[in-house]
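Shown next, in structure tokens, is the structure this report addresses.
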Amino acid sequence: MSGGATTTPADGAAGPRVAVLHGVNLDQLGRRDPTQYGSLTLAELEVAVSGFARELGVRASFSQTNHEGEYCEALHAAPEVADALILNPGAWTHYSRAIRDALEVAGLPAVEVHLSNVEEREEWRRTSVIGEHCFETVSGLGVDGYRTALELLRDRLRTASGPAR
Ligand code: DQA
């Protein structure tokens, strides 16, 4: 196994393209603490988020990697394939300045999502080094947090592309 990034094609009709980037250990959902992360596997979570995206008229694509450099490369390439980003980098959220810098390079509107409520857990999880390049953080809503993030991005992109007043 290479352990490399996996990507699922965008779904839904025309609409803004949102890349959902899952980071380290998110491929282990279903085996991780269900009281924090729920019982869905990553594949099941992505099916649910694809459904939200269809309802909202957004085209979602998904990738996951356990390799920090690959996550950075996905961010470098993101402007070619996406209009906006949902990031759940897992534990990298709390310390990876490389990912923070790559997100700055991407320069796309981004929302940070965590399944668990990182504010209510260990002290070290309260730090996010990527937050300054995300216009919103959604934490503790489980899979529904991804719906909230899709709505926020859809509204943000609508406003950005709306008629000049
Ligand atoms: C997480 C929260 C992180 O603190 C943790 O390291 C994860 C998952 C979440 O979705 O709740 O791997 O990002």
Study note, to complete from the structure: D11 vs (1) modelled with pLDDT of 95 or more; (2) over 14 Å from the mean Cα position of the chain (by Cα); (3) not hydrophobic (A, V, I, L, M, F, W, C): all pass except (1)
Point to revise | Which numbered condition S61 misses (of (1) within 14 Å of the ligand (Cβ to nearest atom); (2) of a type in the set (S, T, Y); (3) under 12 Å from the mean Cα position of the chain (by Cα)) | key: (1)
Practice item. Select from the stretch 14-37 the residues that are modelled with pLDDT of 95 or more and in contact with a strand residue (DSSP E or B) (Cβ under 8 Å, 6 or more places away or on another chain) and list them in ascending order. Key: P16, R17, V18, A19, V20, L21, H22, G23, L26, D27
Practice item. Give the stretch 38-67 a look and list any residue that's part of a helix (DSSP H, G or I), more than 16 Å from I86 (Cβ to Cβ) and either modelled with pLDDT under 95 or touching a Phe, Trp or Tyr at 6+ places or on another chain (Cβ under 6 Å) (or both), or say none. Key: none
Practice item. Specify the residue that is surrounded by the most Cβ atoms within 10 Å (Cβ to Cβ); the eligible residues are those in the stretch 101-126 that are of a type in the set (D, E, K, R) and more than 10 Å from the ligand (Cβ to nearest atom). Key: D101
Review point. Quick check, is E112 outside any loop (DSSP other than H, G, I, E, B), under 22 Å from A160 (Cα atoms) and of a type outside the set (V, I, T)?
Key: yes
Check your understanding: Which one of E68, E80, E73 is within 16 Å of the ligand (Cβ to nearest atom), surrounded by fewer than 24 Cβ atoms within 10 Å (Cβ to Cβ) and of a type in the set (D, E)?
Key -> E68
Point to revise | Total residues in the stretch 51-65, condition crowded, with 23+ Cβ neighbours inside 10 Å and farther than 24 Å from V24 by Cα | key: 1
Review point. Which of the residues spanning the stretch 88-100 are touching a helix residue (DSSP H, G or I) at 6+ places or on another chain (Cβ under 7 Å) and either exposed (fewer than 14 other Cβ atoms within 10 Å of the Cβ) or not in a helix (DSSP H, G or I) (or both)?
Key: N88, P89, S96
Check your understanding: Are there any pairs, at least 6 apart or on different chains, whose C-beta atoms fall under 9 Å, with the first in the stretch 16-44 and within 30 Å of T159 (Cα to Cα) and the second of a type in the set (K, R) and in a helix (DSSP H, G or I), and if so, which?
Key -> P16/R154; P16/R158; V18/R154
**Study point:** Long-range neighbours under 9 Å by Cβ, at least six apart or interchain, first residue on the phi > 0 side of the Ramachandran plot within the stretch 81-96, second within 8 Å of the ligand (Cβ to nearest atom)
**Key:** G90/G23; G90/V24; G90/N25; G90/L26; G90/H114
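The values are calculated or read from the model by the stated rules, or taken from the named source; none is laboratory data. Keep in mind that this is a model prediction, so the values were computed, not measured. Ideal geometry is used to build each Cβ from the backbone, glycine not excepted, and the neighbour counts take in all protein chains shown.
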